[in-house]
Amino acid sequence: MPGKSQKQDASSRLYDSAEIYGWISILLHWTTTIIVIALWFIGMSILDAPSEEANEWRQLHISIAASAWLLIFFRIIWRLRSGHPHVRGQSVFIHRVARFAHYGMLSFLAVMLLSGPLLVWSSGKQISAFDVLVISGPFGESETLRSFAWLLHSNASLFLFVLILLHIGGALKHLMFHTDETIIRMIWPGRQNKPVAEE
Ligand code: HEM
Ligand code: HEM
């Protein structure tokens, strides 16, 4: 069983280890969760609203997405570089399924990050983040590119949505029906240090 000092060490760690998410991963997970869910709902509001209102939703969506672009990009690279901590006592099969779903979400996020700016620029517009940062496209208006970017953006948003629902469902299932610490380890590092026999 880990000693007190080991627990303290784990709870202040920044980086991931083989079984623990560090603070950087935890903060990245929850900040980007809030942003991505907000972007998704604002994105859907663009489709549902009358045209005046849709323009406002679109501008808000682009402003938030552009402001958070680097953070979400960094979050994807961070996971690829940090590997994937294992839940102690979890079977290899379940670990692989979870890892597959996590990398699936990150892949669709990457598609959103690339297709979003393409969608704006190919419509002949500039990306504006709350009118503070304005980024012009490296190419002009193009209907072919716009349709392609739209296809990618709308399909990836759908697949991402389904995976997020399954992911949240899986997390809630662990919370309600399992005694392992799958959820707490994404909230506080080092809470997964109990040996399996104690669970
Ligand atoms: C990274 C997370 C993102 C998520 C979850 C997201 C989600 C969505 C959703 C759900 C829609 C509704 C239409 C559809 O199904 O495609 C949408 C539309 C849109 N998104 Fe995103 N998006 C993201 C990133 C971006 C970025 C980085 C940009 C550009 C800087 C962008 C620009 C747009 C634009 C312009 C539309 C409106 C298309 C139209 O005119 O109807 N999005 N987004
Ligand atoms: C209320 C919403 C959410 C809950 C309760 C939740 C819960 C969790 C938990 C418990 C883990 C650790 C699982 C493990 O490794 O065993 C995790 C990891 C992960 N989650 Fe979520 N999650 C939520 C939303 C999201 C969203 C919206 C995304 C995608 C945009 C996402 C993407 C990921 C990824 C990629 C991982 C792997 C570790 C990492 O890179 O952060 N999660 N989540």
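Couple of notes before you dig in:
- Whole-Hz ³J(HN,Hα) from phi, Karplus 6.51 cos²θ - 1.76 cosθ + 1.60, for the range 65-74, glycine and proline x: 4, 5, 5, 9, 3, 5, 4, 5, 4, 4
- Computed from the Cβ-Cβ distance with R0 of 45 Å, the FRET efficiency linking residue 97 to residue 132 stands at 0.60.
- Among 173, 125, the order by Cβ neighbours within 10 angstrom, fewest to most, reads 173, 125.
- Each of 176, 105 was scored by other Cβ atoms within 10 Å of its Cβ. Listed from fewest to most, they are 176, 105.
- Taking each residue as 0.36 nm, the span from residue 54 to residue 111 lengthens on full extension beyond its C-alpha to C-alpha distance by 18.2 nm.
- Contact order normalised by residue count of the range 4-198, Cα under 8 Å, 6+ apart, percent: 26 percent
- Springs between Cα atoms under 10 Å define the GNM used for the chain, and in it the highest mean-square fluctuation of 28, 172, 71 occurs at 172.
- Check: the chain dipole with +1 on Lys, Arg Cβ and -1 on Asp, Glu Cβ, in debye: 820 debye
- Projected label distance in nm at residue 168 and residue 70, using a 7 Å step from Cα toward the beta-carbon: 3.0 nm
- Proxy reagent accessibility, fewest Cβ within 10 Å first, across 99, 13: 99, 13
Bear in mind these aren't lab numbers, they're just calculated from the coordinates by the rules spelled out. Only a predicted model underlies this, so the values are computations on that prediction, with no experimental measurement involved. Here the Cβ is made from the backbone with ideal geometry for all residues, glycine too, and neighbour counts use every protein chain on show.
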